[in-house]
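Each reported figure results from applying straightforward, stated rules to the coordinates on display, with no laboratory input. All of these numbers come straight from a predicted model, not from anything done at the bench. Methodologically, a virtual Cβ is constructed for each residue, glycine included, from the backbone with ideal geometry; neighbour enumeration extends over all protein chains shown.
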Amino acid sequence: MNELWNKLTQQAGVTLMPLHYARLSKFLDLLLVANQQMNLTRITDRSQAEIGHVGDALTLLPFLPAEAHRLVDVGSGGGVPGLILAIVRDDLHVTMIESTGKKARFLEQTATELGLTNVAVIGQRAEAVGWSALRQTFDVATARAVGQLAWLVEWCLPLVKKGGCMLAMKGQKINEELPQARRAIKLLGGAEPVIHPVELPGTEHHVIVQIPKIAPSDLRYPRSPTNAKGKIIGTRS
């Protein structure tokens, strides 16, 4: 798998060192072992995880700023892409938001075992973090397999400062989700989304949705889960 990882990182001007390989390998070991006790990933085959987790996360690298910056990963779950990006870009400061307690503890323990000092874990809902002192303080927000794009926009864009961007890792339903998300994107200070197709061995319909942040987010958002009640911004249902 080193060949694929090398190719993906080199496309972004990143060179993997032996420590990076060791940490990526150990991360997969820890993830797959912990997955036997809790639901962290549907990928249980090691070779598939090398592509579907590490490879997939590395496709974000070309869209990250070249300089050191602050990145927030919303709904981190098993640590993809947050922990992987923290491993290969140790100049980043990565904050991972995960509201499920046992998953947040896994992220904290894994970061410690991997020796990562550039990681913070917040065990709260993204809505709460969006109204904390961290509102509009991040350069980049990422999200993978968390929900529909309209919801991701409401959770992620309030965390991003003007001039930053949101990167959503999505699948074949993006053409259905994008029209529903346009109202939220506008209200939350986002520009026109750019869809970047992603090619990985054995995978189809992977895209990265890049949404630049060009204005402050409307102060009414994010809504609390109670107030949102399943209603996407700009819809009646």
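Data for the structure
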read-out	value
Within-14-Å neighbourhood charge of Val207 [Cβ basis; K, R +1; D, E -1]	-2
Ellipsoid equivalent to the stretch 113-231 - semi-axes via the Cα gyration tensor, in Å	22, 20, 14
Evaluated at q = 0.17, 0.26 Å⁻¹: base-10 log I(q)/I(0), Debye formula over Cα of the stretch 136-187	-0.47, -1.02
Two-decimal ratio, the stretch 1-129, of alpha-carbon radius of gyration to 2.2 N^0.38 Å	0.98
Semi-axis lengths, Å, the chain, gyration tensor of Cα atoms, sqrt of 5 times eigenvalues	28, 19, 17
Antiparallel content of DSSP bridges confined to the stretch 2-228, in %, to 5	40 percent
Efficiency of FRET from Cβ geometry, Lys229 and Asn175, R₀ 35 Å, rounded to 0.05	0.85
Set of lysines near Lys213 by C-alpha distance (under 20 Å), chain-local residues within fewer than 8 positions excluded	Lys161, Lys162, Lys170, Lys186
Only Lys, Arg (+1) and Asp, Glu (-1) charged, at Cβ; the chain dipole about Cα centre in debye	1000 debye
Nonlocal amide H pairs with Ala120, under 5 Å, H built at 1.01 Å	Val94, Thr95, Met96
Cut-off 13 Å between beta-carbons: net charge of the residues surrounding Phe63, Lys and Arg +1, Asp and Glu -1	0
Residue order, fewest to most beta carbons within 10 Å, for Cys165, Cys156	Cys165, Cys156
Cβ-defined net charge surrounding His20, 10 Å radius [Lys, Arg +1; Asp, Glu -1]	+1
Extreme residue, positive dipole direction of the stretch 101-184, given options Gln109, Ala133, Leu149 (C-beta unit charges)	Leu149
